[in-house]
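The values are calculated or read from the model by the stated rules, or taken from the named source; none is laboratory data. This is a predicted model, so every value here is computed, not measured. In this analysis, Cβ positions are derived from the backbone assuming ideal geometry, glycine residues included, and neighbour counts consider all displayed protein chains. Heads up: the accessible areas ignore ligands, DNA and RNA and are worked out on the full protein's heavy atoms, side chains in. Shrake-Rupley method; radii C 1.70, N 1.55, O 1.52, S 1.80 Å.
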Amino acid sequence: MTQAAVELQGVCVRLGLIWALKEVDLVVQPGEQVALIGSNGSGKSTLLRTVHGLLKPDQGKCHHHPALQQAMLFQRPHLLRTSALNNVALGLWLDRSQGLNWAQAKTRASEALQRFSLGAVVSQGGRQLSGGQQQRLAMARAWARNPDVLLLDEPTASLDPHAKREVEALMAEWTSASERPLTLIWASHNLGQVKRLASRVVYLEAGRILADLPVADFFNPAELALHSPQAHAFVQGEL
Ligand SMILES: Nc1ncnc2c1ncn2[C@@H]1O[C@H](COP(=O)(O)OP(=O)(O)OP(=O)(O)O)[C@@H](O)[C@H]1O
Ligand SMILES: [Mg+2]
């Protein structure tokens with residue numbers, strides 16, 4: 001039996017006065033593409049941050065596959081006050097598990113920036129880029145670490161249609177690379193994108209998982225209504 005990439009058992013997370021996650025059970029196998037959907041405040045970012053180890057469950061357990069590298073793209077990425085190239089290279093260089101010297105880190109960073117169509121702005125200050133360029137820079141930074149498990153919080157939310165298509169194409173390409181399956185867990189408000197890229201869809205409402213289905217079942221209205229009337233109502237409202 002293969003070990004799960006990520007496993008959450010009965011996870012509850014309290015933020016301030018509210019329980020942002022309630023009794024969350026989620027097992028993700030290597031190579032799955034899991035989309036997290038749900039309205040604002042339903043707990044998608046909290047779930048991703050918990051999976052990434054940034055929030056500790058107040059109850060329950062969160063396990064990671066010990067051999068898999070994880071990287072995360074945040075909903076509001078934090079860029080350093082330095083060039084786009086250095087933003088990526090520094091992350092790589094400081095991550096000792098990458099084993100790269102500064103010259104190697106810069107080479108890998110440069111490749112990542114090309115990949116995300118940022119070749120023309122490598123020397124520009126990361127914080128001076130447009131919102132969509134900053135988003136792509138943060139994504140290049142996560143991707144450059146060559147992770148096995150990639151957590152993306154609304155990766156295309158601020159991108160123009162062309163950039164959105166490009167990033168989606170990259171996501172599709174990574175997940176179909178056969179020699180090493182990438183595990184992708186991402187939050188999205190774009191149901192079309194979820195339909196195109198997910199193998200499985202998890203619907204959250206007020207911190208609880210109310211539906212967790214293969215993508216074909218999730219987008220089959222009769223099937224979804226049977227599993228979760230709330231998720232069905234959410235999807236119908238979005239279409
Ligand atoms: N730092 C915090 N302190 C207190 N409450 C928080 C904090 N961060 C998030 N919350 C609350 O936790 C709940 C879940 O928030 P979360 O950011 O996970 O939602 P989300 O599904 O990602 O929403 P969105 O679609 O807007 O990104 C919300 O009720 C939010 O107000
Ligand atoms: Mg969020």
Test for LEU113: is it more than 22 Å from ILE37 (Cβ to Cβ) and open to solvent by less than 20 Å² (accessible area, probe 1.4 Å): yes
Check on GLU154, modelled with pLDDT under 90 and either in contact with a Leu (Cβ under 6 Å, 6 or more places away or on another chain) or open to solvent by 20 Å² or more (accessible area, probe 1.4 Å) (or both): no
Residue in the stretch 116-127 that is nearest to ASN87 (Cα to Cα), counting only those that are open to solvent by less than 80 Å² (accessible area, probe 1.4 Å) and of a type in the set (Gly, Ala, Ser): GLY126
Test: ALA216 is open to solvent by 10 Å² or more (accessible area, probe 1.4 Å), free of Cβ contacts under 8 Å to residues at least 40 places away in the same chain and under 16 Å from ALA35 (Cα atoms): yes
Failed condition for LYS56, given (1) more than 16 Å from ligand 1 (Cβ to nearest atom); (2) exposed (fewer than 14 other Cβ atoms within 10 Å of the Cβ); (3) basic (Lys, Arg): (1)
Filter result for VAL11 (in a strand (DSSP E or B), within 16 Å of ligand 2 (Cβ to nearest atom) and open to solvent by less than 50 Å² (accessible area, probe 1.4 Å)): no
Hits in the stretch 55-110 (condition: over 30 Å from GLY207 (Cα atoms) and among the basic types (Lys, Arg)): ARG81, ARG96, LYS106, ARG108
